[in-house]
1. Relative contact order for the chain: what percent, with Cα pairs under 8 Å and sequence separation of 6 or more?
2. Do you know the relative contact order of the range 118-177, to the nearest whole percent, from alpha carbon pairs under 8 angstrom that are 6+ apart?
3. Of Lys250/Lys379; Lys38/Lys293; Lys113/Lys181; Lys334/Lys394; Lys316/Lys379; Lys343/Lys387, which ones are farther than 20 Å apart at the Cα?
4. Starting from the Cα-Cα distance between Glu39 and Arg139, subtract it from 0.36 nm times their residue separation and give me the gain in nm to one decimal.
5. Can you put Glu205, Glu222, Glu157, Glu348 in order of Cβ neighbours within 10 angstrom, beginning with the fewest?
6. Under a crude label model (7 Å from the Cα following the beta-carbon direction), how far is Asn214 from His4 in nanometres?
7. Most fluctuating residue of Pro21, Pro243, Pro345 in a GNM of the chain with Cα springs under 10 Å: which is it?
8. Grab the Cα-Cα distance for Ser164 and Asp319, subtract it from 0.36 nm times how many residues apart they are, and report the gain in nm with one decimal.
Amino acid sequence: MVNHKIKAAEENLIHVYNRFPIALDYGEGMYLYDIDGKEYLDFAAGFAVSGLGYGNRELNEALKSQIDQLYHTSNLYYHVNCAEAAENLNRISGMDRVFFTNSGSEANEGALKAARRYAHNKKSGRYEFIAMENSFHGRSFGAVSVTGHDAYREPFEPLVPGVSFAKFNDLESVRALVTDKTCAIILEPLQGEGGINLATREFMEGIRKICDENDILMICDEVQCGMGRTGSMFAWQDYGVRPDILTMAKGIGNGIPVGAFAVTEAVARFSLQPGDHGATYGGNPLACMAVTKVIEIFEKNDIIGHVNQIAPYLTKKLDELTENLDCVIERKGKGLMQGIVVKQPAAEVNARAIEEGLLVIQAQGNVLRFVPPLIVEEKHIDEMIEKLMRALTK
Ligand SMILES: *Cc1c(COP(=O)(O)O)cnc(C)c1O
């Protein structure tokens with residue numbers, strides 16, 4: 001039950017979230033604890049954000065000392081943290097130039113503007129975007145305009161004009177939408193919110209080809225599937241299909257609000273110019289310290305190696321579950337970003353999982369999503385499966 005102190009949230013917040021009736025208090029490793037001291041095994045990671053889990057001493061100490069030193073200046077001046085974070089993020093993402101934002105939506109806003117600016121500078125007359133059905137790119141106007149989910153869009157129309165939606169993993173449906181006004185194609189290599197749908201190699205390569213042949217920019221939104229989830233630093237690297245613009249957020253700051261969009265040198269040269277774009281907080285010393293420290297810890301502890309070593313165990317356990325339980329229809333996804341399609345309403349299973357002390361996330365298509373901290377071990381997967389079985393069969 002929600003503690004009476006939490007009633008203030010009900011009375012003072014705008015009601016846009018269907019919150020579960022628990023109030024979390026602190027975390028340690030793979031576990032979160034509520035204000036009554038109840039333990040939750042976390043396979044949600046705050047929406048695929050906390051890759052290093054909770055209470056990482058090295059990260060926390062670095063953040064604490066940065067707070068004492070300086071945590072806000074402005075982008076009128078240089079700061080060493082910003083330079084280091086940019087260098088590190090470009091190295092691991094395989095991109096050339098980066099702009100720091102405060103969220104994933106804002107990263108996509110910037111990406112869409114960068115694409116429009118590229119077309120404007122080239123005087124190509126191109127302004128249209130092709131996006132995917134079942135995509136999710138965020139809640140701000142530009143981001144929601146390319147989000148392929150009517151319920152998120154319709155109440156806010158008219159949106160950004162010139163957007164059409166193709167079927168994910170269907171190249172012909174993309175080709176059919178290409179016109180001489182197409183400016184960019186935006187997609188998630190692994191759709192999260194849309195139900196854990198993995199792009200095929202043919203689809204990624206085909207989109208790259210369409211873009212190359214028509215001077216269209218390819219935007220990969222890796223806000224959720226990036227930063228190690230799929231077993232590569234960024235999912236595009238699994239395909240060897242480098243986008244022109246890459247958007248990031250969630251995992252790159254382990255929960256400190258930071259996002260980014262990054263472009264190739266070729267795009268940078270013809271795109272955003274001084275005065276075209278900005279963000280007051282974007283890339284502040286604290287956010288940039290988080291990015292650099294997270295990357296350092298990833299590399300020192302070979303988190304990517306760990307994901308590749310542990311993910312097959314999650315796959316095997318979820319496959320067994322699918323085989324053994326009639327109420328589980330299918331397993332989907334890759335690495336530490338997986339899901340199961342269930343027969344019962346996913347919301348009900350989710351609520352029962354919470355009673356069992358397990359946090360998971362729903363996705364479209366009646367999917368339960370598993371996006372644990374990347375430090376997850378076999379014993380946690382065993383415990384998750386036990387709790388999930390009880391939630392599914394009760
Ligand atoms: C979460 C998410 C976003 C939006 O990020 P916010 O930080 O909530 O604005 C955009 N794209 C994808 C793929 C996401 O999963």
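1. 22 percent
2. Once normalised by length, the contact order is 33 percent.
3. Lys250/Lys379; Lys38/Lys293; Lys334/Lys394
4. Using 0.36 nm per residue and subtracting the Cα-Cα distance, I get 32.9 nm.
5. Sorted ascending by nearby Cβ count, the order is Glu157, Glu348, Glu205, Glu222.
6. Once both label points are built, they end up 6.3 nm from each other.
7. With Cα springs under 10 Å in the chain, the top fluctuation among Pro21, Pro243, Pro345 is at Pro21.
8. Full-extension gain reported as 52.2 nm.
Read-outs: derived from the displayed coordinates by stated rules, not from any lab. Treat the numbers as computed from the prediction; the structure is a model and nothing was measured. For neighbour counting, all protein chains shown are included, and Cβ atoms are generated from backbone atoms with ideal geometry for every residue, glycine included.
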